[in-house]
Amino acid sequence: MEMKRQLMIHNTLTEGETALKINSGTVHHSNQKAALVNYLEEKFIPEFVDDAYVTKRDWRSLTDKELKLLKFDENRTDFNTIYLGVIPENLKVCFQRLKLDESVNREEVFSKLGSNPEDVQQVTELLDQFLEPISNNKKFNFHCMGVNYPNVELVACNTTMLPDGYQQSDKKFLGIHNDGTQVMTIDTAHEFGNRISINLGKDSRYFLFVNLALKEAYAMLREKLSSEEIKQVSISNIPKYFFRHFSDYPVIRVEQKPYQYYIAPTDNCFHDGSTLGTQHLDVCIVYFGNFQY
């Protein structure tokens, strides 16, 4: 299936289009064996929630036609464009002093943050200076430090129901999904801004996304489903319906090297992160806002 012209990419990375790959779509997780995760003292095959869909692995370079479909224009906003870039050098140097990329587990990441308050304060100030000019004069806020094991094909999961001291193998991964399902609808998902995620780890990580706004995905489903079936589609289950009926819609993969960032409307599109093929702990920092440039 060919891509539509929907969500765009504003790419300021020196790697240019070579940072991008495309595949032939998705598959139900039961039909593609997950990669083995073997890190520290844990070895396991990731498990997924029942309705999870995962990305096919036939990644290739984009054609000129596909690149043109993704190219940004003057109509770009915080909800229809993915922005790719690298953080300022002074901010990078400050992060490097924290040596988060040398951490081997989540506890070590937070120990380094807790034991270096002056560096953390400087990082916070430099982040504010970096984000303010691209914030659309709207408030932005720290969301989280993300920490993931290496070689995890799709990293998103809900850990809120897991007990203290859970093992990574206890997680049930979500597959390609949309965020923020508690406070919005398919019609309003584009009103909730976007996020910036900065790679603070040692290896590349990957941002995967489908270049469709949720309203467009819903419109495609409306043409496919009966009037009774479409009534069942909601913000919380639209991935299940979409990938069941459009498993051949391609996914874009963005390579995010250390200290590079992506800005994306993750409430308004299907997406996930990936550490497949990596060897070291994945560390990233995430802010919420309405970023664009």
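The values are calculated or read from the model by the stated rules, or taken from the named source; none is laboratory data. None of the values given here were measured: they were computed from a predicted structure. Reconstructed Cβ throughout: ideal geometry from the backbone, glycine too, with neighbour counts over all protein chains shown.
Entry remark, segment 259-279: residues being part of a loop (DSSP other than H, G, I, E, B) and either among the charged types (D, E, K, R) or surrounded by fewer than 21 Cβ atoms within 10 Å (Cβ to Cβ) (or both) number 6 in total.
Between G175, G165, G146, which is of a type in the set (G, A, S), out of contact with any Gly (no Cβ under 6 Å at 6 or more places or on another chain) and either assigned to a strand (DSSP E or B) or closer than 16 Å to D282 by Cβ (or both)? On inspection, the qualifying residue turns out to be G146. In segment 86-108, of all residues being among the polar types (S, T, N, Q) and part of a helix (DSSP H, G or I), the one that is nearest to K202 (Cα to Cα) corresponds to Q96.
Taking residues in segment 60-85 that are part of a strand (DSSP E or B), and partners anywhere that are among the hydroxyl-bearing types (S, T, Y) and surrounded by fewer than 20 Cβ atoms within 10 Å (Cβ to Cβ), the pairs with Cβ atoms closer than 8 Å and at least 6 places apart or on different chains are Y83/T12; Y83/Y293; L84/T12; G85/T12. Going through (1) within 21 Å of V27 (Cα to Cα); (2) out of contact with any Lys or Arg (no Cβ under 7 Å at 6 or more places or on another chain); (3) surrounded by fewer than 18 Cβ atoms within 10 Å (Cβ to Cβ) one by one, V233 falls short only on (3).
When the residues of segment 16-55 are filtered to those that are under 18 Å from the mean Cα position of the chain (by Cα) and small (G, A, S), the one that is surrounded by the fewest Cβ atoms within 10 Å (Cβ to Cβ) is G25.
For segment 105-146, the set of residues classified as hydrophobic (A, V, I, L, M, F, W, C), in contact with a strand residue (DSSP E or B) (Cβ under 9 Å, 6 or more places away or on another chain) and closer than 29 Å to Q279 by Cα consists of V109, F110, L113, V123, L127, F142, C144, M145, listed by residue number. All conditions in (1) under 24 Å from N290 (Cβ atoms); (2) part of a loop (DSSP other than H, G, I, E, B); (3) in contact with a Lys or Arg (Cβ under 9 Å, 6 or more places away or on another chain) hold for V155, with the sole exception of (1).
Exactly one residue out of R195, R253, R244 is at pLDDT 95 or above, part of a strand (DSSP E or B) and over 24 Å from L62 (Cα atoms), and it is R195.
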